[in-house]
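Bear in mind that the values in this text are calculations on the coordinates, not laboratory data. Values in this document were obtained by computation on a predicted structure and should not be read as measured data. Using ideal geometry, Cβ is built from the backbone for each residue, glycine included, and neighbour counts are taken over all protein chains shown.
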Amino acid sequence: MAQNQDSAEINVLVLVGSLRAASINRQLADLAVESAPDGVTLQIFDRLGELPHYNEDIDTEDVAEPVQALRAAAAVAGAALVVTPEYNGSIPGVLKNAIDWLSRPWGNGALKDKPVAVIGTALGGYGGVWAHDETRKSFGIAGPRVIEDLKLSIPSKTLDGKHPRETAEVAANVREVVEKLAAEVS
Ligand SMILES: Cc1cc2nc3c(=O)[nH]c(=O)nc-3n(C[C@H](O)[C@H](O)[C@H](O)COP(=O)(O)O)c2cc1C
């Protein structure tokens, strides 16, 4: 479903790949929400931990309510922003599971053809770039239009234990990603 044409507001679905209460990626997602320019609203989908493991047998008309909620949030969004750490060199399972749910119905998922950007932070010196690249690859297969050149992989050490909003360069880079992603919404 396309974004609601009655509204001039651009809605961006935000998916966070860490469920941890003190997640730095969640803080980065909060910063993205705060960075939204006029006319753009970012909404974090807080319920990735409630999704069942993807299973075609339960992907039916009465699919679990958290899946319905995720797909409904994706349907009213014009774009999606993924904010994720790297787990063991790859995508955290909770995020990959969400991608799998959003990839169905195959060829007609709720984010089909919508722009998606992937950013995040991880402990390693490359800031989680493997996870970010693989998230772009997976979402690219799942149906959305991945914006390949919107990249931000932040080694968490550079944040010096502070909230990401306290590092001016990070705040500016996040704002730029949000603005460029919103500009991709047709
Ligand atoms: C299960 C697990 C696997 C991890 N694997 C990696 C990794 O492959 N690369 C990396 O840079 N950091 C890795 N880390 C460290 C995370 O980058 C770090 O804990 C990060 O802060 C997690 O994101 P969060 O603060 O948003 O929860 C891993 C952490 C966990 C818990």
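Annotations for the structure displayed:
- Screening segment 110-133 for residues that are among the aliphatic types (A, V, I, L, M) and assigned to a loop (DSSP other than H, G, I, E, B) and picking the one that is nearest to Ala171 (Cα to Cα) gives Leu123.
- Those residues of segment 147-158 which are within 16 Å of Leu123 (Cβ to Cβ) and surrounded by fewer than 18 Cβ atoms within 10 Å (Cβ to Cβ), in sequence order: Pro155, Lys157, Thr158
- Residue within segment 149-161 that is closer than 26 Å to Asn11 by Cβ and assigned to a helix (DSSP H, G or I) present: no
- Here is the figure for segment 142-186: residues that are closer than 19 Å to Ala74 by Cβ and small (Gly, Ala, Ser) total 4.
- Those residues of segment 57-68 which are touching a residue at least 12 places away in the same chain (Cβ under 8 Å) and over 30 Å from Glu179 (Cα atoms), in sequence order: Asp59, Ala64
Residue-wise test of (1) free of Cβ contacts under 8 Å to residues at least 24 places away in the same chain; (2) closer than 26 Å to His163 by Cβ; (3) in contact with a Leu (Cβ under 6 Å, 6 or more places away or on another chain).
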residue	(1), (2), (3)
Leu42	no, yes, no
Gly49	no, yes, yes
Ala75	no, no, no
Pro85	no, yes, no
Gly120	no, yes, no
Val129	no, yes, no
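- If you go through segment 139-163 and keep only what is among the aliphatic types (A, V, I, L, M), in contact with a strand residue (DSSP E or B) (Cβ under 8 Å, 6 or more places away or on another chain) and more than 11 Å from the ligand (Cβ to nearest atom), you end up with Val146, Ile147, Leu150, Leu152.
- Among the residues of segment 52-100, those identified as in a loop (DSSP other than H, G, I, E, B), closer than 19 Å to Ile147 by Cα and within 16 Å of the ligand (Cβ to nearest atom) are Thr84, Pro85, Ile91.
- Members of segment 96-139 found to be out of contact with any helix residue (DSSP H, G or I) (no Cβ under 7 Å at 6 or more places or on another chain) and among the aliphatic types (A, V, I, L, M), listed by number: Val129, Ala131
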